[in-house]
1. If you rank LEU110, LEU132 by fewest surrounding Cβ atoms within 10 Å, what's the result?
2. Out of ARG107, ARG44, ARG19, any idea which swings most in a Gaussian network model of the chain, alpha carbons joined below 10 Å?
3. Fewest first, what order do MET111, MET1 take by the number of other Cβ atoms within 10 Å?
4. Find the Rg to Rh ratio for the range 91-134, where Rh is the Kirkwood radius over alpha-carbon pairs and Rg uses the same atoms.
5. Within the range 2-144, how many Lys pairs that are eight or more residues apart, or on different chains, come under 25 Å at the alpha-carbon?
6. Could you check the spin-label model distance between ALA130 and ASP26? Points 7 Å from the Cα along Cα→Cβ, value in nm.
7. Given the rule -39500 (n - 2.57) for each run of at least 4 DSSP H residues, summed and divided by the residues of the chain, what is its mean residue ellipticity at 222 nm, to the nearest 500 deg cm²/dmol?
8. Note down the nm distance, to one decimal, between modelled labels 7 Å out along Cα→Cβ at LEU96 and at THR63.
Amino acid sequence: MNLLRAIAEIGKIPGTKIRAISGFYDTQPVGQVEQDNFLNSVLRIETSLTPQELLSELQRIETDVFKRKRTIHWGPRSIDLDILLYDNRVIAEENLVIPHPRLHERRFVLMPLAEIDPDLVHPQLDKNVAELLRSSDSTEVVTKV
């Protein structure tokens with residue numbers, strides 16, 4: 001299973017420790033591309049890497065380990081590793097936006113994130129994850145497996 005392998009690979013990133021892992025969630029795909037459902041999970045990690053260094057490591061895992069090719073926006077992919085939050089930092093760079101710009105809109109992110117830390121506060125919206133999940137009007141079907 002790709003999620004288990006991705007977790008193992010993230011655990012190998014130098015200066016990085018996995019502190020929490022959510023359950024796995026079966027999720028209908030977002031967007032207009034016909035494809036199978038996704039499995040999603042959220043990790044809490046502790047790292048000595050900068051956000052840019054962490055992004056580089058995650059992209060290395062996507063391409064080197066999972067042979068991901070970015071061809072269709074929101075299309076089928078073997079793995080998609082995102083940085084949702086990084087401490088309370090707000091970053092807006094060409095290749096990296098933190099908090100993830102659609103984090104608060106997506107049940108497939110909020111549900112596993114709430115599982116590991118419902119009190120975590122979104123640094124721009126000043127609401128915790130549990131509040132964001134309760135106020136979500138998303139119609140995504142997300143099922144814990």
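Derivation of every value follows stated rules applied to the coordinates shown; laboratory data play no part. Computed from a predicted structure; not experimentally measured. Reconstructed Cβ throughout: ideal geometry from the backbone, glycine too, with neighbour counts over all protein chains shown.
1. Values: LEU110 26, LEU132 23.
Going from sparsest to densest Cβ surroundings: LEU132, LEU110.
2. Maximum among the listed residues: ARG19.
3. Numbers: MET111 22, MET1 8.
Listed from fewest to most nearby Cβ atoms, that is MET1, MET111.
4. Values: Rg = 10.5 Å, Rh = 10.7 Å.
So for the range 91-134, dividing Rg by the Kirkwood Rh gives 0.99.
5. On the way: LYS12/LYS67; LYS12/LYS69; LYS17/LYS67; LYS17/LYS144; LYS127/LYS144.
So the count works out to 5.
6. 2.8
7. Working: 4 runs with 37 residues, N = 145.
Rounded to the nearest 500, it is -7500 deg cm²/dmol.
8. 1.6
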